[in-house]
1. If R0 is 22 Å, what FRET efficiency do you get for E120 and V54 from their C-beta distance, rounded to 0.05?
2. Can you send over the carbon and sulfur percentage of the accessible area for region 57-178, probe radius 1.4 Å, protein chains only?
3. Provide the per residue accessible area, probe 1.4 Å, for region 75-161, rounded to a whole number of square angstrom.
4. In terms of the Cα gyration tensor, with a ≥ b ≥ c the square roots of its eigenvalues, is region 123-168 rounded because a/c is under 1.5, prolate because a/b exceeds b/c, or oblate?
5. Sequence-distant or interchain residues sharing an amide H contact under 5 Å with T23, placed H: which?
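The values are calculated or read from the model by the stated rules, or taken from the named source; none is laboratory data. A quick note: this is a predicted structure, and the numbers were derived from the prediction, not measured. Quick reminder, even Gly has a Cβ in these numbers, built from the backbone with ideal geometry, and neighbours come from all protein chains shown. Protein only, heavy atoms only, side chains kept; ligands, DNA and RNA dropped before computing areas. Shrake-Rupley method; radii C 1.70, N 1.55, O 1.52, S 1.80 Å.
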Amino acid sequence: MATGYSGYVGDAATETPGLLLRTAEGRPYRFDAGALCLELLTTGGPGEFARYEVLDEPGGLLHWVAASRLTGGLRLDVDDAAIAEIRRLRDALWRMACARAHSREPDPADVATVNAAAAEPSLAFGIAADGSRQWAPGPAPVSQLLSTVARDAVELFTGPYAHRVRECATPDCYLLFVDTSRPGRRRWCAMEHCGNRNKVRAHRSRHAKGDGS
């Protein structure tokens, strides 16, 4: 078995894994969720996280696909009904990942949603004329994308890294990731974002205590 979580899809679209996100001030940083299914959670979520929704039109889904760890060049046949289905799967995955991160049991309804999606045919590769691997020709239905994401979730939540699904340790950050590092001590969504914020807070706290003494 590999030392890190490989994911059902396997290939990343870029050399550097992770999505390029932005802080509230507009500064970019790279967030590596560690799994395709967890990358989907950056597009919004249930309840209060609906304010971050980006899957409100087909273009939002296509943008996420292009930025995700999916191999580039995937063409999808997307309509409004498909957008509603992927948001339903994403919200179920969000609740399941959050439950796992906080050592709670997942809602059986959310598990059923993931299992139903995983049971459908997934995205498929073929061999190109030059011998390279490429996506099967023609636009793929979104149901195949849902299946691929759901199968990735099945592998993650039932695999050796299930206990490493975590929420960023910063109180006001709710990004979820799987820690695939060898030591298993990852705490932050990204060192360049929340990691640095907490280093600055700790530094100021130490100086404040020193001034007080």
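1. Details: r = 24 Å, r/R0 = 1.08.
In this case the efficiency is close to 0.40.
2. Working: 3170 of 6000 Å².
Carbon with sulfur: 53 percent of the solvent-accessible area.
3. Details: 4510 Å² over 87 residues.
With all protein chains present, region 75-161 gives 52 Å² per residue.
4. Numbers: a/c = 3.50, a/b = 2.17, b/c = 1.62.
Prolate is the answer for region 123-168, as a/c is 1.5 or above and a/b outweighs b/c.
5. Amide H neighbours of T23: Y29.
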